[in-house]
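Just below is one structure, and these are the notes that go with it.
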Amino acid sequence: MKTPAHSRAMSLVAFVLVIVGFQLLAFAYRAAERILLAHRDRPDTVYVVDSALAARLLRQEGSLEEGERTGGSHSASGAPAAVRRNAGHEPAADRIVSRSPHRRVENFRFNPNTVTADELRRLGFTDKQAASIDAYRQKGGRFRRKSDFAKSYVVSDSVYARLEPYIDIPLLDINRADSAAFDALPGIGGYFARQMVLHRRRLGGSYSDVRQLLEIYHFSQDKLDAIADLITLDSATVRPYPFWSLPVDSLRRHPAIGTYATARSIVFYREHQPRSAWTLEGLRKAGILTEEQAERLSLCRIGTP
């Protein structure tokens, strides 16, 4: 004999099965609806005919859309040699399609870090997908490379293949960046971000060559290689270093000079040599600059004497 507790358990199991069954049916319905909408623009029947018959059918089929009329091949005379049109569907399927208007998908250049939700929808993303991308950015996420955008779980391979030529992520100009922008680069971190700003200041206010980053203590070639495709240096932002006019106290602050003695020797050289001899090679041959100092200074855009 069944006890009340046993009956309640059986009722609970039955209720759970009903809920699960309802969810499965709802999932199946949504999946079928998505398939219908995904294929509504794809003709599922193709009639291949000769050009004369195609022209006659097109005259008879006044309801054929322009895309269907021009979708087939053409004969030498220009008349269509094929007619494309959808096969008939069940009324219920047609009602589902009619409730979901066509969405026009656009292609245009965009930065995934700044593109708006409305622009994402214009690019073909759903409201939910656009909200997901925006939420990722709101939490501090950033797309540094095109491939980062491809890794987003809402960006399918086919969508990325279509949008990849239009993705425009600006490179970081190392003469315009602040420490926060440097910190956002992969593998940099707070310490190196501060040093990159400080080293730029010591160089006279601007980098002349990205290789000058290697002069920062412990800034390795591997670290530079890891960000090489993310940074740039606009020549318009480079300030010529007034090497041939600076006084001793200013010269000695340059990382490649460093000491008062070297700076004083450079000034002495300028005072006793004609301007035609004012070259880094002349300073090296005079023993004022070492090979390493001359090489480091050669990376600077030095103002004319």
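The values are calculated or read from the model by the stated rules, or taken from the named source; none is laboratory data. No experiment lies behind these values; they were computed from the predicted model shown. Because the Cβ atoms are built from the backbone with ideal geometry, glycine has one as well, and the counts that use them run over all protein chains shown.
Brief remarks follow.
- Hits in region 185-194 (condition: touching a residue at least 24 places away in the same chain (Cβ under 8 Å) and surrounded by 15 or more Cβ atoms within 10 Å (Cβ to Cβ)): Leu185, Ile188, Phe192
- Matching residues in region 105-144 - criterion: being crowded, with 16+ Cβ neighbours inside 10 Å, without any contact (Cβ under 8 Å) to a residue 24 or more places away in the chain and among the basic types (Lys, Arg): Arg121, Arg122
- Odd one out for Gly124 among (1) over 28 Å from Leu172 (Cβ atoms); (2) at pLDDT 90 or above; (3) not charged (D, E, K, R); (4) not in a loop (DSSP other than H, G, I, E, B): (4)
- Qualifying position, being in a loop (DSSP other than H, G, I, E, B), surrounded by 13 or more Cβ atoms within 10 Å (Cβ to Cβ) and of a type in the set (A, V, I, L, M), among Val197, Val159, Val155: Val155
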